[in-house]
């Protein structure tokens, strides 16, 4: 995922959090492994987050990290951000997928799809 698209995606998450009075969100980045950035305030997500990973199509390690975490709510939903170039992933949690407008997944998604419009 290119830097601009990732920045817009993180900004969308921060904006959603602020509009719903969500004070912290757990952020996990993926490449061949998962990088847990921990819980972050919306303003941290929007501007000061250090991005790790990038350039990998394997999202399952990040999903697995959250599903196994003792500090992530057992009923906490997961938002999966992808540019569409990813392997099939599975989750037992309620989840949604944020994907750029005009892109699709190579497999039928189980969660709700949200489209990120280009700016």
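Any read-out appearing in this document is the output of simple, stated calculations on the displayed coordinates, not a laboratory observation. The structure displayed is predicted, hence computed values, not measured ones. No Cβ is skipped: glycine too gets one built from the backbone with ideal geometry, and neighbour counts run over all protein chains shown.
Mean separation of Cα pairs under 8 Å and 6+ residues apart, divided by the residue count of the chain: what relative contact order is that in percent?
On the way: 177 pairs, mean separation 22.6, N = 119.
Once normalised by length, the contact order is 19 percent.
Taking every DSSP beta bridge that has both residues in region 3-116, what percent is antiparallel when rounded to the nearest 5?
Of the beta bridges lying entirely in region 3-116, close to 40 percent run antiparallel.
Sort 36-42, 80-86 by the packing proxy (mean of other Cβ within 10 Å over each peptide's residues), most packed first.
Details: 36-42: 15.9, 80-86: 18.0.
Averaged packing, sorted descending, gives the order 80-86, 36-42.
Label 7 Å along Cα→Cβ of residue 87; region 2-40 residues with amide nitrogen under 19 Å?
Answer for region 2-40: 28-36.
According to a simple spin-label model (label point 7 Å from Cα along Cα-to-Cβ), what is the distance in nm between residue 75 and residue 117?
So the label points at residue 117 and residue 75 sit 3.4 nm apart.
Taking Cα pairs under 8 Å and at least six residues apart, what relative contact order does region 1-44 come out at, in percent? All intermediate terms of the calculation are to be shown ahead of the outcome.
Details: 36 pairs, mean separation 14.3, N = 44.
It comes to 32 percent, rounded to a whole number.
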